[in-house]
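Working notes for the structure below.
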Amino acid sequence: MNRLRNRLILIFLAATLLPLLATLWITSAGSQYLLDFSTTGELGALSQSLEQTGRQYYQRAMEDLKQRAARGDPPTVEYRAATRHDWPEAVASFADGVETERWARSGTQGDRLDYLVRHGDAVRVYSLALGVPMDRLSRQIGDARRLVEDSRTRDLRRGFRVTYILLAASFWLMSLALLVFLAHHVSRPIRQLTEGLSRLAAGDLNARVPAGRNDEVGRAMLAFNDMAERLKQSTDRLIYLGQMASWQTLARKMAHEVKNSLTPIRLTVEEMLARYHEADRGFMVQATDIVVDEIETLERRIRAFSEFAAEPPVQPSEVDVNSLVEERVALLKSAHPEVAYDCRLAAGVPRITADQDLLKGILTNLFENAAEAAGEGGRILGVTAATDGRVSIEIHDSGPGLSEQARASLFQPTISFKKHGMGLGLSIARKSALLSGGDIVAVKGELGGAGFRVLLPLDTNGVQKTADRR
């Protein structure tokens, strides 16, 4: 799926639709708010009309009650002096005062009008149902007047315009900030990838980018890291092969010079032995044997240098890795009966295309080194596996292992003065592995000692390209 494209589409929709929806909402709510206040003029006129109507209605009710009292109509209620202790508070207050008459509203929220008049020691009350809660009507009229007065003290049109502009600007700024944040979030991995490419182009082969995304950019980051790792491995191999070429040139010259000197030395010593008297012959034989033995040792070293400097042609063919490991182990068991050999061969390891003679030399060198390190009573383990398009062969021993100093120059050509060691075995083995399109690396030993892993490609491209470069 094109996730990056979909993400950019969503960002565009969010950056355009959200401000649009916010603007529409503000316009709708603001218009309704403005309409609510645009009717305050009519509300003021209506409140005045209601007030005048209510006042006129109230005056008529008062006149009606006064006319009834003047005609001598019987009152609604008459409170006599003998029952004064039962009078309502309003009637008792009127009787104690000096007024001759009083008007009062009673009932539910003032929906009844009472007319109180004196009649000797008694108080007569004439009542009339108004039909309108005058107290509530008065409050509503008062609220309407206050609302009208408040609206007159404001510039509603200007205030709404300013409020609308501020709210709209706020939403647009928020949308812009969101767009900038999302754009930064989307562009950051691209910047990281660009910086990684710049570092790699400047020669930093350790340049890597954090790859934790599951989209096109994330796959590009993974591809970049894989490319950088492969480039680093290829560069390391080329550097190593370049170093080997320099050592080969030096070894070729050294072998030639030493060989030219050894031949006349051997002939001269043999001639000296032939011409010496019989009395001194025993000493001369012993001395001659020592010199010849040392010459033969030097010749072996010269042959090792010659083999190191030689470039045999690579002849790829199909190789059964498991069978080749079993064949090498069976061959070396008889040469090192003091060491226990074991194999753990993976089932279904595919055949590879490589130079079989080079692989035999690699395995022989590694198994011989393992046997020497393990010593008498030691163990050696051979392991095969196939992962990530490559076949691996591991050889582990139970020896003392490798020191950090030894690891640092493990595959560098050195001069060894051991009886059977020339110091070139691992260098030759790695060169053979590189010529086969693979490599040799040191790994953690499973038996407590050293461990080496031979990596070989399944396809033939690596072998063919290496052979072509040579």
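Coordinate-derived values only; no laboratory data. Treat the numbers as computed from the prediction; the structure is a model and nothing was measured. Note that each Cβ is placed from the backbone with ideal geometry, even for glycine, and that neighbours are counted across all protein chains shown.
Rounded, prolate or oblate: pick one for the stretch 42-151, where a ≥ b ≥ c are the square roots of the eigenvalues of its C-alpha gyration tensor, a/c under 1.5 means rounded, and failing that, prolate if a/b is larger than b/c, else oblate.
prolate
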Discussion item. If you average the C-alpha positions of the stretch 337-412 and of the stretch 160-222 separately, how far apart do those two centres end up, in angstrom?
Written reply: 49
Worksheet item: For the residue pair GLN109 and ASP204, what label-to-label distance in nm results when each label sits 7 Å from Cα along the Cα-to-beta-carbon direction?
Response: 8.1
Worksheet item: At a Förster radius of 51 Å, what calculated FRET efficiency corresponds to the Cβ-Cβ distance of ARG146 and ALA82, to the nearest 0.05?
Response: 0.55
Fill in: Order of VAL443, VAL209, VAL132 under a 10 Å beta carbon neighbour criterion, fewest first
VAL443, VAL132, VAL209
